[in-house]
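Take a look at the structure set out below.
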């Protein structure tokens, strides 16, 4: 008994370490490879390497590395939460895991309907990935969501899902949906179809990026103000950034924590609403019933 | 002469970025209206507080989109456009 118990504990600790390791690795990578910049410098993601591919070079940047780190950390965290889970035994982490699953399932069934219950894992992973990617800026790392490419990838995935569910009643039904309510509005319908992923990507990216830009500007302004007020103090005191202690952290609560979590929630919510709204459930069920009836008759 | 041309490009980009952010007025008014109505609704029916708040945040986020389009354009004009336009100019001069 005790032998299996120690083994359980060792695996537990291993999983926790693997959860914490990726962010630490991200910080180490940043310290080692990203050139240090002082003052106002708003740049995109630092490019670590670029692989030569036939069509165009594949760029491996900070955004990709960081989003992979978030994914690895989240995967191991989920393994940790569900490690040694058993029915009818309420350990602390089992309760947390159950709470997460139940909340997301309730959210999905409320917003998308009973038919889409299987979407809960997808929505939960988008929510967690987006939220923790934005929260990475708390550790001083580059948040992957402030790179348009990352968010555009997610939005494209959602766009494919929307189109798939619109196609589910047959391509003819899909094409006919562009001619509603009047056929000559078709160009506008096509534009609004394309605008969906674009607006989703821009919304998420713009919110996180604007937070980053404002944080950098305020940090630089506070540095200037400190130099103005305390610049005449002797020795190291004259260079010490007094005003930069604490004040940026207050703004960070809004721009990093609140805005990041809110945007993650909104992205997941819009995903649910768009996919749920794209699927003509009644037509689909009618068609399915007609098909089964036909098969029974023949 | 080349200096003047580059100066005009940089100034034009900065002016354009500033003009683009005028679009911030729209989402400001819209979100203000949304929050005002949400406050009224919560005042009338305090028990609906959480549902109203969630819906309001969703609406605010969607209303913010136009402002964010302007922000993206302003950021492109400040960080991306000058380098590209100056490069086009230099290529043309050559």
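Out of all the residues in the range A:76-98, which are touching a helix residue (DSSP H, G or I) at 6+ places or on another chain (Cβ under 9 Å) and in a helix (DSSP H, G or I)? Matches in the range A:76-98: A:76, A:77, A:78, A:79, A:80, A:81, A:82, A:93, A:94, A:96, A:97.
State yes or no: is residue A:251 within 12 Å of chain B (Cβ to nearest Cβ) and in contact (Cβ under 8 Å) with a residue 24 or more places away in the chain?
Numbers: within 12 Å of chain B (Cβ to nearest Cβ): no; in contact (Cβ under 8 Å) with a residue 24 or more places away in the chain: yes.
When the stated conditions are applied, residue A:251 does not pass them.
Quick check: is even one residue across the range B:79-92 within 10 Å of chain A (Cβ to nearest Cβ) and either closer than 25 Å to residue A:146 by Cα or modelled with pLDDT under 90 (or both)? Yes.
Working carefully through the options A:189, A:232, A:227, find the one that is more than 14 Å from chain B (Cβ to nearest Cβ), closer than 23 Å to residue A:271 by Cα and modelled with pLDDT under 90.
Details: A:232 fails: closer than 23 Å to residue A:271 by Cα; A:227 fails: closer than 23 Å to residue A:271 by Cα.
Of the residues listed, the single one that is more than 14 Å from chain B (Cβ to nearest Cβ), closer than 23 Å to residue A:271 by Cα and modelled with pLDDT under 90 is A:189.
In the range B:35-61, the residue that is nearest to residue A:208 (Cα to Cα) out of those that are crowded, with 18+ Cβ neighbours inside 10 Å and within 14 Å of another protein chain (Cβ to nearest Cβ) is B:61.
Determine which member of the set A:228, A:233 is surrounded by fewer than 17 Cβ atoms within 10 Å (Cβ to Cβ), assigned to a loop (DSSP other than H, G, I, E, B) and without any contact (Cβ under 8 Å) to a residue 40 or more places away in the chain. If you could, list the steps in order and put the result at the bottom.
On the way: A:228 fails: assigned to a loop (DSSP other than H, G, I, E, B).
Result: A:233 is the single residue among A:228, A:233 that is surrounded by fewer than 17 Cβ atoms within 10 Å (Cβ to Cβ), assigned to a loop (DSSP other than H, G, I, E, B) and without any contact (Cβ under 8 Å) to a residue 40 or more places away in the chain.
The values are calculated or read from the model by the stated rules, or taken from the named source; none is laboratory data. As the structure is a prediction and not an experimental result, all values here were calculated from the model. So basically every Cβ, Gly included, is an ideal-geometry build from the backbone, and we count neighbours across all protein chains shown.
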